[in-house]
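No lab work stands behind these numbers, since they all come straight from the coordinates. Because the structure is predicted, anything quoted here is derived from the model rather than measured. For neighbour counting, all protein chains shown are included, and Cβ atoms are generated from backbone atoms with ideal geometry for every residue, glycine included.
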Amino acid sequence: DHALYMAKAAGRGRAELDGGGSSELSRDLAAALAAGDVHVHFQPVVDLPSGRMTGVEALVRWTHPRLGPVSPERFVAVAEENGLIAALGEQVLRTAVTQLTPLRLAAGGSLGLGINVSGRELCDPGYPTRVRAVLEESGWPASDVVLEVTESLLEGQSSAAVAALHVLRAGGLRIAIDDFGTGYSSLSRLDTLPVDILKFDSSFIATIATSPRRAQMLESMVGMAGALGLSVVAEGVETDAQDAVLKRVGCTYAQGWLYGRPIPATELVAPRDLAYATVLR
Ligand code: C2E
Ligand code: MG
Ligand code: MG
Ligand code: MG
């Protein structure tokens, strides 16, 4: 139909503008998934008061044979369009729980695992069943998994996405709003969503050490989150000055290059033995 044709034409236009790689990515992603060429890196999440790693976020990685490393934002969008997102998401989750099980056991049985979920993936009616199957088969506790969804995803496709989050949360998983502060969620809307954690976007964290107003806003949001019973994670922490502000305003968890970059599972250190921040910096 006409609207669909226009959408497809617009899609082609974009692919040409960004260098013509999109159709090549689309074609090669299926083969890369089948060949095991799509990898997962893990970035530590630290508990700020103790400096210890309490969990990790899984971040997907793909190096295209001709185009080189492709940003996950780009090939996740491709996978959403060509229908590979279910296979991609399942592979990331299965890889994560498989590779991290030794680390979880070394940590005393519990290790937080953040998994990013895209809109199409979450709205696919089979998604909650697939997640449950992978967790059951690996023995990974559902309560240690945090599904990260963006504010914009919940705005755009609200009913199906929110319904899926309710199902997943009833199954014991936790839900985080990723990139919080970049969308337009009202506080009353936030109060109605099935959410456990707010992840403050790196663009906001980048301003907190140099702008007292931003630091004040952060402090207010940390207080509000606490009043609503939500945990808070700061993303993209790069400097000691940002770390100091986060500690001063009572933010509990943080992620960023200051504490550790995304790395393969084999390079992660068991959190019980070592104060992660001291070891890796
Ligand atoms: P996100 O979930 O908000 O992930 C945070 C991004 O910030 C990651 O980029 C991470 O590498 C980067 N980062 C972490 N610490 C720092 C820092 O201190 N400074 C700076 N400048 N950047 C930092 P990455 O790995 O390129 O991922 C980008 C986005 O792609 C993610 O944003 C997420 O939305 C999406 N994504 C990644 N993996 C997956 C996946 O497995 N599935 C889905 N659906 N989306 C994914
Ligand atoms: Mg994330
Ligand atoms: Mg984020
Ligand atoms: Mg992001």
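Remark on Glu148: its backbone amide H falls under 5 Å from those of Ile115, Asn116, Val117, Ala176, a criterion applied only to residues 5 or more positions apart or on other chains, H modelled at 1.01 Å from N. The residues neighbouring Ala160, those whose beta-carbon lies less than 14 Å from its own, together hold a net charge of -2 under the Lys/Arg +1, Asp/Glu -1 convention. Note on the chain: GNM, Cα springs under 10 Å; of Ala107, Ala86, Ala133, the largest mean-square fluctuation is that of Ala133. Between the Cα long axis of helix 127-138 and the first principal axis of the chain there is an angle of about 60°, rounded to the nearest 10. If you run the Gaussian network model on the chain, springs between alpha carbon atoms under 10 Å, then out of Asp144, Asp240, Asp201 the most flexible one is Asp240.
Just to confirm a number: summing +1 for Lys and Arg and -1 for Asp and Glu over residues other than Ala31 whose beta-carbon lies under 13 angstrom from that of Ala31, what do you get? Display every interim value, and only then the final one.
Numbers: positive: Arg27, Arg66; negative: Glu24, Asp28, Asp37.
Value of the local net charge: -1.
Between Asp240 and His64, the modelled labels are 4.2 nm apart [label points 7 Å from Cα along Cα→Cβ].
Suppose R0 equals 35 Å. What FRET efficiency, 1/(1 + (r/R0)^6) with r the Cβ-Cβ distance, do Ala106 and Ala133 give to the nearest 0.05?
Working: r = 25 Å, r/R0 = 0.72.
FRET efficiency, Ala106 to Ala133: 0.85.
Across region 25-40, computed HN-Hα scalar couplings (Karplus, 6.51 cos²θ - 1.76 cosθ + 1.60, θ = phi - 60°) run 4, 4, 5, 8, 5, 4, 5, 5, 5, 5, 8, x, 8, 9, 10, 10 Hz from first to last residue, x flagging Gly and Pro.
Database remark: amide H of Val45 closer than 5 angstrom to the amide H of Thr54, Gly55, Val56, Glu57 (H placed geometrically; neighbours at sequence offset of 5 or more, or on other chains; Pro and chain starts carry no H). Considering only Ser118, Ser23, Phe200, the residue lying farthest towards the positive end of the dipole of the chain is Phe200, judged by Cα position with unit charges set on Cβ.
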